[in-house]
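Student: Starting off with a structure, shown below.
The values are calculated or read from the model by the stated rules, or taken from the named source; none is laboratory data. Please read all numbers here as calculations on a predicted model, not as lab measurements. Cβ atoms come from the backbone with ideal geometry, glycine included; neighbour counts cover every protein chain shown. To get the accessible areas, we keep the full protein, side chains included, count just its heavy atoms, and leave off ligands, DNA and RNA. Shrake-Rupley method; radii C 1.70, N 1.55, O 1.52, S 1.80 Å.
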Amino acid sequence: MKGCKKVLTLVLKIIAALVLTTILVLTNLEIIVSNKNYFDTQYQRYNVYDNLSIDREQLLGGTHHLISYLKGRQDNLDILVNIESDTVKLFNPKEILHLEDVRVLFEQGYRLRFFSILILAVLLILIYRLTGKDRVSFIKSIRHISLYPLVLIGILAAAFISDFNRFFTYFHLIFFTNDLWILNPQTDRLIVMYPEGFFMDTALLILGLFLIEIIAISVLSTVFIKRRSK
């Protein structure tokens, strides 16, 4: 019976680790895309302002509109910008269709995070009961949950660095049912604004933040355990 309880606790901790990973990754993504300065830095890094010949404030304003749209706070992508004294739409019909698909992913991501939080809460309650409601044992389980994803993070980081293009392509093939994501830098501004390097930087930043977060959870758990053990 005791052995079964240990196995069940281990299984629950592994599931909780995966759920925690989902929550933190999606939260980190939202933090990053909500940061106007991040886009400004990336636009400068990849010479987007010069390549598009769009004023910095206009493009950042258009970016804010875009992010609001992806989060469901805007109903359309009617973004106008001035290019060489002409007023034009920032995105063409093909790009707008693709961004509609991206918006669906954002909506699904929000729902996934919400249910993941609920699932994690239930898992933690079950683990707490399985540890006999002992606080030290429970916090040790929290530490385990925070450390399990390190292997996954290492694998993902290695995949990103070794061949991000392949990962990027597979991501689109899995999550999109059309080829609207295949853009042309000669006709589509979206790919100029967000080249592959932008997504690689963002992915690595998400993983970096995640690493900091799980280390923080682990350290706090360890401190609590040491204090309770004295």
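Student: Inside the range 16-52, can you point out the residues that are assigned to a helix (DSSP H, G or I) and small (Gly, Ala, Ser)?
Tutor: The answer is 16, 17.
Matching residues to (1) more than 24 Å from residue 104 (Cβ to Cβ); (2) within 19 Å of the chain's Cα centre (by Cα):
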{"site": "170", "(1), (2)": "no, yes"}
{"site": "175", "(1), (2)": "no, yes"}
{"site": "191", "(1), (2)": "no, no"}
{"site": "200", "(1), (2)": "no, yes"}
{"site": "209", "(1), (2)": "yes, yes"}
{"site": "220", "(1), (2)": "yes, no"}
{"site": "228", "(1), (2)": "yes, no"}
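Student: Right, next: Within the range 181-197, track down each residue that is over 24 Å from residue 161 (Cβ atoms) and open to solvent by less than 20 Å² (accessible area, probe 1.4 Å).
Tutor: Within the range 181-197, 188, 190 meet the criteria.
Student: Looking at this structure, is residue 49 farther than 15 Å from residue 201 by Cα and either touching a helix residue (DSSP H, G or I) at 6+ places or on another chain (Cβ under 9 Å) or buried (at least 17 other Cβ atoms within 10 Å of the Cβ) (or both)?
Tutor: The answer is yes for residue 49.
Student: From (1) modelled with pLDDT under 95; (2) assigned to a helix (DSSP H, G or I), pick out the condition that doesn't hold for residue 82.
Tutor: Status for residue 82: all satisfied but (2).
Student: Among 99, 123, 112, 118, which is the only one that is at pLDDT 95 or above and under 18 Å from residue 52 (Cβ atoms)?
Tutor: That would be 99, the only listed residue that is at pLDDT 95 or above and under 18 Å from residue 52 (Cβ atoms).
Student: Consider the range 161-190. How many of its residues are modelled with pLDDT under 90 and either among the aliphatic types (A, V, I, L, M) or touching a Cys at 6+ places or on another chain (Cβ under 9 Å) (or both)?
Tutor: Within the range 161-190, residues that are modelled with pLDDT under 90 and either among the aliphatic types (A, V, I, L, M) or touching a Cys at 6+ places or on another chain (Cβ under 9 Å) (or both) number 1.
Student: Among the residues of the range 1-45, which ones are open to solvent by 60 Å² or more (accessible area, probe 1.4 Å) and of a type outside the set (A, V, I, L, M, F, W, C)?
Tutor: Scanning the range 1-45 gives 2, 5, 6, 34, 35, 36, 37, 41, 44, 45.
Student: Please count how many residues of the range 218-230 are in contact (Cβ under 8 Å) with a residue 40 or more places away in the chain and open to solvent by 50 Å² or more (accessible area, probe 1.4 Å).
Tutor: 3
Student: Within the range 63-85, work out how many residues are loosely packed, with under 12 Cβ neighbours inside 10 Å and under 23 Å from residue 108 (Cβ atoms).
Tutor: Number satisfying all stated conditions: 4.
Student: Another one. Given the conditions (1) open to solvent by 20 Å² or more (accessible area, probe 1.4 Å); (2) assigned to a helix (DSSP H, G or I), report the number of the one that residue 60 does not fulfil.
Tutor: (1)
Student: Answer with yes or no whether residue 13 is over 23 Å from the mean Cα position of the chain (by Cα), assigned to a helix (DSSP H, G or I), closer than 30 Å to residue 140 by Cβ and not polar (S, T, N, Q).
Tutor: Taking the combined requirement at face value, the residue does not satisfy it.
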